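Visitor: My questions all concern the structure below.
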Amino acid sequence: MIDPYGRNITYLRLSVTELCDLRCRYCMPEEGVCKKRHEDMLTEDETVGAVRAAARLGITKVRITGGEPLVKPNILSICRRVSQVPGIRETVLTTNALRLKDLALPLREAGVKRVNISLDTLDKDKYAYITRRGRLEDALAGIRAALSAGFDKVKINTVLIGGFNDGEVPALAELTRVWPVDVRFIELMPMPGNEDFGEEAFMPCSGVPEMLPDAVPEKGHDGVARLYRLPGALGSIGLISPLSSHFCAECNRIRLTADGHLKPCLHSAEEICIKGMDEAGVLEAMKKAIALKPRQHGALSAKEKSLSARAMNRIGG
Ligand code: SAM
Ligand code: SF4
């Protein structure tokens, strides 16, 4: 479906849970989430029904996310059913990789074509710090499992945090020469709950190329990422800059939260609840959500916070 600003909306980011086995400092509070009543969350049937409605409106790609999608007991069934919805050409998933050691192959078999894995540091103490509880070795084991499982693509997403991991940019980029992975550096977004991050943490991706003097710019782009490549690398390096150069003009996405709220824009408080609706109702709600997509979101910076009413784990990043 085309939105009021001429953008073709083809991409659904589908959050299947708010829960997570990590507590990344930029994403969710240390105490986790206030557990909702089971009946307030979308059921598997409602989730798949929403994807069917989205496909009728022209959605072709679904990214399954969370929270951590792999803590969801029925994640394989959700992936299988979503990937079988007529019109859905790509089912992809974003994960912290901790459970991929056991789930990579079953996910591939359930129709997941590509995985994005979040990894902000290669230092085990810093990993434990930023995730508040994770073990780097488990994430690395998950990445290796993903590489063996035969996904079309494995990407590593790194949130660039000034004063925390900017010194690791060369080492993280070097992963593209060791493994057939793409590495994406993403600017830290000032979401609700990010008050602990000072101004220096919100550094622009524009500083990355000078940290990688060997990297050569590539023609074109991958979605919203500007691309570079190290000589002899197996994968590309991408820079995603939601703060320093927002990409609203190319936005082709809509989001559905695990508790059944459609979000026309990541950085707006606007939501439409579909919980309990039949499929015809969901279809109308989706049309409305797409029609409500703003031309662009407001400025984002250390001082100008996202207007989203939710932390990232409750949206689906
Ligand atoms: N648990 C999965 C994971 O970590 O990959 C999926 C959900 S997580 C919310 C999705 C992505 O959002 C992750 O790559 C994470 O780094 C990113 N993210 C969370 N909070 C962010 C923030 N404030 N700024 C930029 N990216 C953020
Ligand atoms: Fe969990 Fe992903 Fe958020 Fe980290 S970024 S707390 S792994 S949902």
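Visitor: If the label point is 7 Å along Cα→Cβ of residue 126, which residues in the stretch 204-218 have backbone nitrogen under 15 Å from it?
Guide: Counting backbone N atoms under 15 Å from the label point, the list is 208, 211-212.
Visitor: Per residue of the stretch 120-130, in order, report the coupling 6.51 cos²θ - 1.76 cosθ + 1.60 (Karplus, θ = phi - 60°) as ³J(HN,Hα) in whole Hz, putting x for Gly and Pro.
Guide: After applying 6.51 cos²θ - 1.76 cosθ + 1.60, I find 9, 7, 10, 9, 5, 6, 5, 4, 4, 5, 6 Hz.
Visitor: With a ≥ b ≥ c the root eigenvalues of the C-alpha gyration tensor of the stretch 265-311, is it rounded (a/c under 1.5), prolate (a/b larger than b/c) or oblate?
Guide: Judged from the Cα gyration tensor, the stretch 265-311 comes out oblate (a/c at least 1.5, b/c at or above a/b).
Visitor: A further question follows. Specify the inter-centroid distance of the stretch 233-249 and the stretch 107-132, based on alpha-carbon positions, in whole Å.
Guide: 19
Visitor: Given only helices, namely DSSP H runs of n ≥ 4 each adding -39500 (n - 2.57), what is the per-residue ellipticity at 222 nm of the chain, to the nearest 500 deg cm²/dmol?
Guide: After summing the helix terms and dividing by the residues of the chain, the value is -7500 deg cm²/dmol.
Visitor: Just to be sure I understand: of the beta bridges DSSP finds with both ends in the chain, what percent are antiparallel, rounded to 5?
Guide: 25
Visitor: Quote the relative contact order of the chain in percent (integer), defining contacts as alpha-carbon pairs under 8 Å separated by 6+ residues.
Guide: 23
Visitor: Can you give me the long-range amide H partners of residue 159? Hydrogens built in the peptide plane at 1.01 Å from N, cutoff under 5 Å, separation of 5 or more residues or another chain.
Guide: Here the answer is 119, 186, since their amide H atoms fall under 5 Å of that of residue 159.
Visitor: Counting DSSP beta bridges in the stretch 1-146, what percent are antiparallel, to the nearest 5?
Guide: Roughly 5 percent of the beta bridges in the stretch 1-146 run antiparallel, per DSSP.
Visitor: Any idea how far the Cα center of the stretch 1-77 sits from the one of the stretch 260-317, in Å?
Guide: Using only Cα atoms, the two centres lie 12 Å from each other.
Visitor: Points 7 angstrom from Cα along the Cβ direction at residue 216 and residue 280: gap in nanometres?
Guide: 5.9
Visitor: Something else about it: Lysines near residue 288 by alpha-carbon distance under 30 Å, same-chain residues fewer than 8 away left out - which ones?
Guide: Counting by Cα, and skipping residues close in sequence, residue 288 has these lysines nearby: 35, 36, 61, 72, 113, 263, 275, 305.
Visitor: Using label points projected 7 Å from each Cα along Cα→Cβ, tell me how many nm separate residue 247 and residue 105, to one decimal.
Guide: 3.4
Visitor: Tell me which cysteines of the chain come out unpaired when the rule is another cysteine's Cβ under 4.7 Å.
Guide: 20, 34, 79, 205, 248, 251, 265, 273 - these cysteines have no disulfide-compatible partner (Cβ-Cβ under 4.7 Å) in the chain.
Computed from the coordinates by the stated procedures, all read-outs in this text should not be read as laboratory data. Remember, it's a predicted structure, so these values are computed and weren't measured experimentally. Ideal geometry is used to build each Cβ from the backbone, glycine not excepted, and the neighbour counts take in all protein chains shown.
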